[in-house]
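The values are calculated or read from the model by the stated rules, or taken from the named source; none is laboratory data. A quick note: this is a predicted structure, and the numbers were derived from the prediction, not measured. Here the Cβ positions follow ideal geometry from the backbone for every residue, glycine too, while neighbour counts run over all protein chains shown. Ligands, DNA and RNA are excluded from the accessible area calculation, which covers all protein heavy atoms including side chains. Shrake-Rupley method; radii C 1.70, N 1.55, O 1.52, S 1.80 Å.
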Amino acid sequence: LLEEAGGRLHRKDYPAAIEKFNLVLKIDPNNVTALRNLGAICMDSNDPKNGKDYFERAYKIDPNDPAVNNNLGAIASNEKKSDLAIQFFQSAVRLDNTNVNFKVNLALEYARAKQNGKAMPLLKEIDSLSPDIPVVLYTLGNCYASIGKLDSAETCFDRAVNKGEKVDDLFFHRGTVKQALKKVEQAEKDYLMALEINAKNIPCRQELGM
């Protein structure tokens with residue numbers, strides 16, 4: 001039954017998956033896999049309240065499930081509870097040190113919390129294991145820029161752009177770095193590209209004197 005529910009989930013047949021997972025829970029109310037997957041369905045269906053409830057129920061049964069810890073970390077991050085998010089992400093990484101996504105989530109939360117001393121080594125580790133993840137390169141670039149290592153920041157931003165990442169803040173921050181490196185024409189192109197992606201990017205408009 002659990003395997004059948006998982007198959008429905010894989011095909012994104014959510015109504016059927018929910019029905020099957022609930023049947024599993026009738027037989028085994030403490031089935032962490034069913035609870036975790038129901039939580040994931042809720043989160044993917046823009047129902048974070050029920051998603052959180054399922055993950056919290058799963059956590060009470062098995063606090064050592066890495067995916068449950070990771071999901072609770074993501075929920076805490078969305079709720080702007082950075083300290084709690086870091087705790088959950090740290091647990092997820094400790095419980096499954098091979099999962100790159102867990103490490104990415106922890107590194108990004110460190111960066112959001114301005115804990116660059118913890119973020120940078122982890123971002124570098126991730127980049128050595130799985131090169132060219134755009135959000136990792138972008139965040140690492142910002143960390144380098146914050147400590148004045150502009151050449152390294154530029155390299156990271158260039159690599160992110162070369163992977164096809166089109167986010168206005170990426171081009172804006174690359175532009176500020178290029179401007180600081182006296183590459184004025186390249187900086188202006190980045191600002192213009194940022195505005196092409198998001199015409200409401202106020203810092204970018206200010207840099208262009210708009």
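Hey, among 145, 180, 160, which residue is touching a residue at least 24 places away in the same chain (Cβ under 8 Å) and under 25 Å from residue 99 (Cα atoms)? Full working, then the answer.
On the way: 145 fails: under 25 Å from residue 99 (Cα atoms); 180 fails: under 25 Å from residue 99 (Cα atoms).
The conditions single out 160.
Here is a yes/no grid of residues against (1) more than 15 Å from residue 138 (Cβ to Cβ); (2) open to solvent by 60 Å² or more (accessible area, probe 1.4 Å):
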site: 159; (1), (2): no, yes
site: 173; (1), (2): no, no
site: 191; (1), (2): yes, no
site: 205; (1), (2): yes, yes
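Got at least one residue in the stretch 40-52 being within 22 Å of residue 72 (Cα to Cα), among the charged types (D, E, K, R) and modelled with pLDDT of 95 or more?
Yes, some residue in the stretch 40-52 is within 22 Å of residue 72 (Cα to Cα), among the charged types (D, E, K, R) and modelled with pLDDT of 95 or more.
Among 116, 105, 37, 46, which is the only one that is of a type in the set (S, T, N, Q) and free of Cβ contacts under 8 Å to residues at least 12 places away in the same chain?
Details: 116 fails: free of Cβ contacts under 8 Å to residues at least 12 places away in the same chain; 105 fails: free of Cβ contacts under 8 Å to residues at least 12 places away in the same chain; 37 fails: free of Cβ contacts under 8 Å to residues at least 12 places away in the same chain.
Residue meeting the stated conditions: 46.
Name the helices (runs of 4 or more DSSP H) wholly within the stretch 1-99 that hold at least 2 residues that are among the β-branched types (Val, Ile, Thr) and open to solvent by 60 Å² or more (accessible area, probe 1.4 Å)?
14-27
Of all residues in the stretch 83-115, count the ones that are acidic (Asp, Glu) and closer than 11 Å to residue 72 by Cα.
So the answer is 0.
Go through the stretch 175-189 and report how many residues are open to solvent by 60 Å² or more (accessible area, probe 1.4 Å) and either hydrophobic (A, V, I, L, M, F, W, C) or outside any helix (DSSP H, G or I) (or both).
Total meeting the criteria: 3.
Name every residue in the stretch 111-128 that is touching a Lys or Arg at 6+ places or on another chain (Cβ under 8 Å) and open to solvent by 20 Å² or more (accessible area, probe 1.4 Å), in order of residue number. Working first, answer last.
Of the stretch 111-128, the ones touching a Lys or Arg at 6+ places or on another chain (Cβ under 8 Å) are 122, 125-126.
Matches in the stretch 111-128: 122, 125.
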